[in-house]
Every structure is written in C-alpha cells, then in structure tokens.
1. Would a scan of segment 1-17 turn up a residue that is modelled with pLDDT under 95, on the phi > 0 side of the Ramachandran plot, out of contact with any helix residue (DSSP H, G or I) (no Cβ under 6 Å at 6 or more places or on another chain) and assigned to a loop (DSSP other than H, G, I, E, B)?
2. Those residues that are under 13 Å from residue 12 (Cβ atoms), in contact with a strand residue (DSSP E or B) (Cβ under 7 Å, 6 or more places away or on another chain) and outside any loop (DSSP other than H, G, I, E, B), I need them from segment 70-105; list them, please.
3. Filter segment 43-66 down to the residues that are closer than 12 Å to residue 100 by Cα and over 10 Å from the mean Cα position of the chain (by Cα), then identify the one that is surrounded by the fewest Cβ atoms within 10 Å (Cβ to Cβ).
4. Kindly evaluate residue 56 against the criterion of being in contact with a strand residue (DSSP E or B) (Cβ under 7 Å, 6 or more places away or on another chain) and outside any strand (DSSP E or B).
5. Applying the selection to segment 21-35, what residues are exposed (fewer than 12 other Cβ atoms within 10 Å of the Cβ) and over 13 Å from residue 53 (Cα atoms)?
6. State all residues of segment 19-36 that are within 18 Å of residue 88 (Cα to Cα), free of Cβ contacts under 8 Å to residues at least 40 places away in the same chain and over 10 Å from the mean Cα position of the chain (by Cα); if no residue qualifies, say none.
7. Within segment 18-53, how many residues are in a helix (DSSP H, G or I), touching a helix residue (DSSP H, G or I) at 6+ places or on another chain (Cβ under 7 Å) and modelled with pLDDT under 90?
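The values are calculated or read from the model by the stated rules, or taken from the named source; none is laboratory data. Since this is a predicted model, take the numbers as computed values, not measurements. For neighbour counting, all protein chains shown are included, and Cβ atoms are generated from backbone atoms with ideal geometry for every residue, glycine included.
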C-alpha cells in the first residue's frame, strides 16, 4: 500500500479481508468467502480491502464493514465519509446465502 499509514487499519479494528486466520469462526469464514466471491464477480480485487465485523449482527445476517486500502492513504486518513469511493457494508444472509453491499457516502 503506497503512501499509506500501514498501521492505521489495525488501529481502527480492521484486518485484511483475505486473512482468513483473523476470522476463525466458521460462519464468519462462510460470509467472508461469499463476500470475496461477490467482489470478484464485480471485477474488484478482494486483496485491496480490509474488514471488520459490524456491531449490528443478527441471527441470520453477518455484517462486515469493508474499507478499501486507498481510504488509509495519508491524504485520506482524516477525511470524513468514503474518500476512496469503495468503502461499504457487506451483508451476508446466512439463510439465503446471499451478499448485499451498501456503499458508504
């Protein structure tokens, strides 16, 4: 990640999306796998994203906050909103096995 604050994601509670060892629970691994596949279907690179689990989980849905690596660049780190234009919530429905994205503004 060029021109970024490399420890900023961890300080904010984010882990690399592709670091499956950071998310050991099976349901979380299922959700992350589906989210990675959906990003790839949309021609996005999952390796460019960081994730943390949202506080608004339900029994049937797993919610991840996805932040693009560009959001952690030095020039963006203190900006409000979605400086990369790629940050979003990912909602995985455990029953229907479906991913929905909500872009942050």
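1. Yes, that holds for at least one residue.
2. Here is the first cut: in segment 70-105, the ones under 13 Å from residue 12 (Cβ atoms) are 71-72, 76-78, 87.
Restricting the remaining residues to those that are in contact with a strand residue (DSSP E or B) (Cβ under 7 Å, 6 or more places away or on another chain) gives 72, 87.
The one that is under 13 Å from residue 12 (Cβ atoms), in contact with a strand residue (DSSP E or B) (Cβ under 7 Å, 6 or more places away or on another chain) and outside any loop (DSSP other than H, G, I, E, B): 72.
3. Ranking the candidates gives 61 first.
4. On the way: in contact with a strand residue (DSSP E or B) (Cβ under 7 Å, 6 or more places away or on another chain): yes; outside any strand (DSSP E or B): yes.
So residue 56 passes the test.
5. 21, 26
6. Of everything in segment 19-36, those that are within 18 Å of residue 88 (Cα to Cα), free of Cβ contacts under 8 Å to residues at least 40 places away in the same chain and over 10 Å from the mean Cα position of the chain (by Cα) turn out to be 28, 33.
7. Residues that pass the stated criteria total 1.
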